[in-house]
Structure formats: structure tokens, C-alpha cells
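The values are calculated or read from the model by the stated rules, or taken from the named source; none is laboratory data. Given the structure is predicted, the values throughout are model-derived calculations rather than measurements. Cβ placement follows ideal geometry from the backbone for every residue including glycine, while neighbour counts extend to all protein chains displayed.
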Amino acid sequence: MTNQSLRFGICIDQNLPWRETVERWQLIEQLGYDSIWNCDHLIQPSRPTGPYFEAWTQLAALAALTSRVRIGVLVSSNTFRHPALLAKEAMTVDHISNGRLEVGLGAGWYVPEHEAFGLAFPSAGGRVRRFREAVEIVDGLLRQEITTYAGRYYQLKEAPMRPLPVQRPRPPLVLGAHGPQNLLTVALYADTWNSSGNPDQMRERGAILDEHCARIGRDPSTIVRSVYGWAARLQADPWASTDAFIDVVGRYRAVGVTELLIDGPGTPDGLKVMERVAADVLPKLRTETATGST
């Protein structure tokens with residue numbers, strides 16, 4: 001895993017006015033970050049009374065207004081949509097973006113939005129089992145024109161996917177997972193594993209993922225290790241200074257993380273740091289990784 005190149009993305013909650021959102025995404029793309037993400041919530045967990053746009057419709061519009069940067073939803077809640085609908089949305093956005101989509105999917109976790117909008121929130125075990133089936137369906141639909149699936153929770157009968165996505169054999173799957181059973185699904189299907197937590201938690205979960213990979217015969221280095229740096233839960237603000245950003249990167253690199261997806265800064269000073277990081281820090285970090293130096 002240490003030979004993987006470092007990747008850096010910014011997560012922009014869909015709580016800004018539309019024009020400001022477009023300006024922010026286009027700025028981040030111009031700065032040279034690898035990816036930009038929004039989040040799949042109906043209510044923003046850290047600000048439940050604030051405004052919030054729907055993730056996939058917003059992503060489709062932003063796909064048409066960017067040209068280079070990788071894009072995705074970090075991550076889609078399986079409790080919101082049938083996986084076949086998610087696959088159709090993903091295929092569509094992959095075409096709009098000309099093959100820049102990363103398909104994020106997780107089991108779902110934020111109870112208040114389910115209660116407010118009348119959505120079922122299964123037990124933990126039920127969400128784990130549904131997640132496994134949903135991933136299998138999305139994986140199959142994005143790879144082949146016709147898919148039949150007979151699961152406990154989902155059934156498809158000769159479901160067509162035409163056109164297929166731009167990216168082949170399919171767009172990358174970014175699977176959000178923290179616990180052992182969902183990490184098994186990651187080992188089986190993911191191109192990228194994403195989780196949120198401190199470095200110690202990421203190390204522990206990564207060890208479980210390694211064990212799953214060993215059991216199924218998969219090389220664990222084929223899975224990108226990605227952390228979501230949720231601002232509300234980070235131990236330090238990475239946008240306080242370039243040194244603060246470097247420190248955060250170093251602590252996660254030490255536990256095998258090679259992709260950092262960090263909430264965008266919320267202040268003008270933070271935006272200035274984000275620009276300095278892009279100009280001065282990211283090229284150096286990428287060069288260090290490419291040459292194997294530390």
C-alpha cells in the first residue's frame with residue numbers, strides 16, 4: 001500500500017447557494033486537487049436546521065460544469081434508493097462527466113433524516129446484509145448490459161443497462177465501511193475503501209480488511225485506503241496552516257492511508273490555506289510518494 005500515489009480530495013457539503021457551490025468546485029478543480037465530493041444526506045448532521053440540496057441531482061449538474069477533476073458522492077446511503085436506481089444514476093453521471101465518476105456507497109447511519117422523511121431504518125444487521133446485496137447489484141449492473149439478481153432484499157429480472165458507463169469495466173466503487181462485516185464486502189468488491197476515524201481507528205480497521213483479503217485471496221494493495229476528514233470530528237483543523245495540513249497527512253499516511261478526502265474550509269483564511277496547500281504542499285507530497293521518500 002505504501003507504493004500507491006497520494007490522492008487529495010475536497011468534500012463540499014451541498015449547503016451553499018448554487019452559484020457559490022459552482023464557484024467553489026471550479027476553484028478546487030483549477031487548484032489541482034484530485035477529486036471533489038458532496039455528501040448523501042437529506043438533513044446535514046452537523047447543522048440539521050440548515051439548507052441542504054440532494055446529492056445526486058447536484059452532482060449531475062456539477063459534472064457538466066467541471067472537466068478534469070474526479071467527482072463523487074461520499075457516500076450514497078443505501079437506505080435512500082434501490083441499488084438499481086443508484087446504478088442508473090451512476091451510469092448517467094459517468095456519461096455527463098466523460099468518465100470521471102467514483103461511485104460511493106455505504107449502508108446508511110443517520111437516524112433523524114430517516115425519521116423525518118419516513119424512510120425505513122433497518123437494524124444494524126439488516127443494513128449490513130442489504131449493503132452486501134446492493135453492492136453486488138451495482139457492481140453487476142455497471143459491468144454488463146443485462147443483470148438478473150435473486151437476493152433476500154432485492155430482485156432483478158433481466159434488468160438492462162444501456163448504455164453502459166464510459167469507464168470500463170465499470171466506474172470505481174468507493175465503499176464506506178467501519179465494521180467487520182461491511183469490511184468483508186469491501187474486500188470482495190471495492191476499488192477504494194473509505195472510512196472516517198482517527199489514525200488508530202483506521203489502523204485497526206485496515207488490519208481487519210487485510211485479514212479479509214488474505215482469506216479470499218485478494219492482494220490488499222489493490223484497494224485504495226481512503227479517509228474522510230469530517231471537520232466536526234477531526235482532532236485538528238487541517239486548514240489552520242500548511243503545517244497543520246502536513247501534520248494531518250503524515251498521521252494518516254503512517255497507518256497506510258493514501259487518499260485524504262477532507263471537508264473544505266469554512267473561512268476565508270482557510271480558503272487561502274487551501275490555495276497554498278495546492279500550490280506548495282501537494283506537489284511535494286506527491287513527489288515524495290513517487291520517489292519513495294518520506
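Across region 57-83, what is the total count of residues that are closer than 17 Å to residue 99 by Cβ and in contact with a Leu (Cβ under 9 Å, 6 or more places away or on another chain)?
6
I'm trying to understand the selection: among the residues of region 32-51, which are more than 13 Å from the chain's Cα centre (by Cα), under 30 Å from residue 221 (Cα atoms) and buried (at least 17 other Cβ atoms within 10 Å of the Cβ)?
33
What pairs can you find where one residue is in region 108-120 and at negative phi, the other is surrounded by 17 or more Cβ atoms within 10 Å (Cβ to Cβ) and assigned to a helix (DSSP H, G or I), and their Cβ atoms are less than 9 Å apart, with a gap of 6+ or different chains?
If the second residue must be surrounded by 17 or more Cβ atoms within 10 Å (Cβ to Cβ) and assigned to a helix (DSSP H, G or I), the pairs left are 109/127; 119/113; 120/114.
Look through 145, 133 and report the one residue that is at pLDDT 95 or above, more than 22 Å from residue 259 (Cβ to Cβ) and in contact with a Pro (Cβ under 7 Å, 6 or more places away or on another chain).
Testing whether each residue is at pLDDT 95 or above, more than 22 Å from residue 259 (Cβ to Cβ) and in contact with a Pro (Cβ under 7 Å, 6 or more places away or on another chain) leaves just 145.
Here is a check on your reading of the model: is residue 36 of a type in the set (A, V, I, L, M) and closer than 17 Å to residue 261 by Cβ?
Yes, satisfied.
Which one of these does residue 103 not meet: (1) among the β-branched types (Val, Ile, Thr); (2) part of a loop (DSSP other than H, G, I, E, B); (3) within 27 Å of residue 151 (Cα to Cα)?
(2)
Just a yes or no: is a residue in region 228-243 in contact (Cβ under 8 Å) with a residue 12 or more places away in the chain, in contact with a Phe, Trp or Tyr (Cβ under 8 Å, 6 or more places away or on another chain), among the hydrophobic types (A, V, I, L, M, F, W, C) and farther than 19 Å from residue 39 by Cβ?
Checking region 228-243: not a single residue is in contact (Cβ under 8 Å) with a residue 12 or more places away in the chain, in contact with a Phe, Trp or Tyr (Cβ under 8 Å, 6 or more places away or on another chain), among the hydrophobic types (A, V, I, L, M, F, W, C) and farther than 19 Å from residue 39 by Cβ.
Pull out all pairs, ordered by first then second residue, where Cβ-Cβ is under 9 Å, the residues are six or more apart or on different chains, the first lies in region 77-97 and is free of Cβ contacts under 8 Å to residues at least 12 places away in the same chain and on the phi > 0 side of the Ramachandran plot, and the second is crowded, with 17+ Cβ neighbours inside 10 Å and charged (D, E, K, R).
none
Please pick out the residue among 65, 74, 16 that is hydrophobic (A, V, I, L, M, F, W, C) and in contact with a strand residue (DSSP E or B) (Cβ under 9 Å, 6 or more places away or on another chain).
74
Among 210, 219, which is the only one that is surrounded by fewer than 19 Cβ atoms within 10 Å (Cβ to Cβ), at pLDDT 95 or above, touching a helix residue (DSSP H, G or I) at 6+ places or on another chain (Cβ under 6 Å) and closer than 29 Å to residue 189 by Cα?
Sole residue among the options that is surrounded by fewer than 19 Cβ atoms within 10 Å (Cβ to Cβ), at pLDDT 95 or above, touching a helix residue (DSSP H, G or I) at 6+ places or on another chain (Cβ under 6 Å) and closer than 29 Å to residue 189 by Cα: 210.
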